[in-house]
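The values are calculated or read from the model by the stated rules, or taken from the named source; none is laboratory data. Computed from a predicted structure; not experimentally measured. Cβ: placed from backbone, ideal geometry, glycine included. Neighbour counts: every protein chain shown.
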Amino acid sequence: MKAAINNLSVSAILLAILGGIIGIGAGLFLGFALGAALAAAFHVSTFEGEAGYFAVMIAVLVTLIVTPVSILLTLYWRGVRSIWLFIGLVIVCLSIAAIAHPYLEFGTRLNRMF
C-alpha cells in the first residue's frame, strides 16, 4: 500500500487532468444516453427538439457530477489526501478551463466575423 503524500506532484496533476478529460467524455456519453432514455420514459415531446433539449440538460448535469468525481478519484488513487485533495481539484479544474479557453474564444471570434 502506498503512503499518503503531503503535497501535490506534477504527475498527480497531469493524471488528474487526463482523468478530468475522460470524465467529461464519459459524463457526456452517459448523460446523453440517460437523457434519451428518460425522454422516452417521460414521453417528452419531440416537437421542435424538446426531447433533444431535455437530453442535453441531463447530459450537462451528469457531466457536472462525473467530472469532479473522476478528478478526485484520480488524485486519491495517486495518494493525495486531506486538504491537498481539494486544492488539487481546484488546480485541475482551472487547468482544464485554461486548456479549453482558446478553443471557446475562437468560436466567439468566428461568430463575430460573420
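I need every pair where a residue in the stretch 72-100 that is over 10 Å from I17 (Cβ atoms) and in contact (Cβ under 8 Å) with a residue 40 or more places away in the chain has its Cβ under 7 Å from the Cβ of a residue that is surrounded by fewer than 17 Cβ atoms within 10 Å (Cβ to Cβ) and β-branched (V, I, T), sequence separation at least 6 or different chains.
Here the result reads G79/I5; V80/I5, each pair linking the stretch 72-100 to a residue that is surrounded by fewer than 17 Cβ atoms within 10 Å (Cβ to Cβ) and β-branched (V, I, T).
One line per residue, one yes/no per condition, for (1) at pLDDT below 95; (2) outside any helix (DSSP H, G or I); (3) surrounded by 15 or more Cβ atoms within 10 Å (Cβ to Cβ):
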residue	(1), (2), (3)
G25	no, no, no
G31	no, no, yes
A37	no, no, no
A51	yes, no, yes
L64	yes, no, no
V92	yes, no, yes
A98	yes, no, no
Y103	yes, no, no
R112	yes, no, no
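Filter the stretch 70-87 down to residues that are surrounded by fewer than 13 Cβ atoms within 10 Å (Cβ to Cβ) and either assigned to a helix (DSSP H, G or I) or within 20 Å of the chain's Cα centre (by Cα) (or both), then give me how many there are.
Looking only at that region, the number is 2.
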